[in-house]
Amino acid sequence: MVFEGRKILIYDTTLRDGEQSPGASMNPDQKLRMAVQLERLGVDIIEAGFPASSEGDLESIQMIAKKIRSVEIAAIARATVKDIDCAWQAIRDAAKPRIHVFFSSSDIHLKHQLKKTRGEALQQVKAAVQHACKYTDNVEFSAMDATRAEQDFLCEMLGAAISSGARTVNIADTVGYAVPGEFGKIIDYLFEKIQGIENVIFSVHCHDDLGLAVANTLVAVEHGVRQVKCTVNGIGERAGNAALEEVVMALHTRKNFFGVVTGIRTEHVYETSRLLTEITGIAVQPNKAVVGANAFAHESGIHQDGLLKEKRTYEIITPRSVGAPETRLVLGKHSGRHAVEARLKKLGYVLTSNELNKVFREFKEHADSLTNVCDDDLEAIVRKEVFHADDAYSLIDLKVFTGSSSGSSVKLKIRVYADVREEISSNPNHFEAVIAAIMKITGKSCRLMEYAGKTAISDNHVRGDTVVRLRYKEQVVAGSSNHPDIIVGFAIACLKALNLIEWIRYDEKNRLMERRNRRLCV
């Protein structure tokens, strides 16, 4: 059954307010690329920039206006003739142009920043909206700092904009001052007092200074607004704006409560978030709602057990609904037996109850000392506890030496079965030095096919993620590590790959391959 409800317009200001986030500036090609993705996502309005702010922004908006045809393209302007003329110059080639005029409404702004009286402010708003209407009938007016404005004066200002021709009026919680209950009352008051407001689109724009932007936006929808302003990943001035992905998925997930729909194609939410991160270099925190790395990751044994039985027990939205990678059961110290058993089955191991007990006991010991237990670690436990095949190689110590006179070198100490061996290798490239030392110690002649490594700081802990692929004769094997030092992690990953080679040989010799359903080579 198709749900039919009041349509909420999604006004995306990532390319304007979002770009004001420190470090988020985009060049014209990047802004166009992001605009194309926003059109694909299904937003109703794209605020493409502030053309009067720079010649570069003007050119960017013109490019977007010519390229994007199915979405309204808005340009923001202060309530001055010069800004409005510039805004029209930027968007006049758009299929659906919109001029967005704004002016401050709070006495704090009027007195201390603009040095204007309320009467002067009203006259300027009227003149500005009337001038914008000479270019297009699609004019929006925003009252800046509306949540700190005197409410009757705010009614006067919005009423003046409507009578002057504005088709959309917006109240901006510019400094994130409002709290949800209060915000709802403000909206109710404006609906009650402003003549003609029922004939225009009422909109809100909430900032996140107190972490309430999404909550305030949702309350506004509850109280009857028809347009909400958001940014992808919630980026923007200071603490940012209401996050588009959170607002949209809240409305989508709780549509029976809110009674509304949007035009967003939610399956493109995740890729849109990732594109913005790629363009700006501003990553989202791992626990970010909807699009964070941990949004669909579960470590708690209770949660993992529930998810394995029925995903709805602990996930109210599915990864697929936003285009995110599938649910991850992270194996760590909080994980339970069922999650370990499920991961082993995915890796191809079907163990008896007694074997699983042994593996789970060893897993818990590993998990207490590691951030998480990766597949390589789990397989090593199986090899040891089930097949009694110890790893051939393990890293004992690695030291890196650098100096202008002696050059760069690494010293590796590796356990080879019962023996301990050392090797020093010199090379300006530490990774090549590590590979060379490992080859000398193990006697294996391998070629590095692929390497990927990264580190990140989260919760005051450094986390690493390293993956290597080695070719040995006709085999290509992989190894991974989560050591925070990328050079040490690289050495561990290489040794894990070599252990896999030894395991394959052992497995073939002892005819244990039938105990596994998947190939060991990758």
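Only residues that are of a type in the set (Asp, Glu) and surrounded by fewer than 16 Cβ atoms within 10 Å (Cβ to Cβ): list them for the stretch 407-434, please.
Within the stretch 407-434, 419, 422, 432 meet the criteria.
One residue stands out in the stretch 375-404 among those that are small (Gly, Ala, Ser) and at pLDDT 75 or above: the one that is farthest from residue 349 (Cα to Cα), namely 394. Residue-level check: of (1) within 37 Å of the chain's Cα centre (by Cα); (2) within 27 Å of residue 185 (Cβ to Cβ); (3) surrounded by fewer than 19 Cβ atoms within 10 Å (Cβ to Cβ), residue 136 misses just (2).
If you check 153, 202, 141 for being in a strand (DSSP E or B) and surrounded by fewer than 22 Cβ atoms within 10 Å (Cβ to Cβ), only one passes: 202.
Across the stretch 452-478, the number of residues qualifying as under 20 Å from residue 375 (Cβ atoms), at pLDDT below 85 and out of contact with any helix residue (DSSP H, G or I) (no Cβ under 7 Å at 6 or more places or on another chain) comes to 6.
Inspect the stretch 110-131 for any residue being in the same structural domain as residue 84 (by TED's automatic domain parsing) and closer than 16 Å to residue 201 by Cα and give the result as yes or no.
Quick first cut of the stretch 110-131, residues in the same structural domain as residue 84 (by TED's automatic domain parsing) only: 110-131.
Of the ones still in play, those that are also closer than 16 Å to residue 201 by Cα are 129.
Yes, that holds for at least one residue.
The conditions are (1) in a helix (DSSP H, G or I); (2) among the hydrophobic types (A, V, I, L, M, F, W, C); (3) within 37 Å of the chain's Cα centre (by Cα), and residue 121 fails exactly one of them. Which is it? Condition (3) is where residue 121 drops out.
Comparison of 125, 139, 129 shows that the only residue that is of a type in the set (A, V, I, L, M, F, W, C) and within 17 Å of residue 229 (Cα to Cα) is 139.
The values are calculated or read from the model by the stated rules, or taken from the named source; none is laboratory data. Model, not experiment: these values are computed from the prediction. Neighbour counts are summed over all protein chains in view; Cβ atoms, including those assigned to glycine, are modelled from backbone coordinates with ideal geometry.
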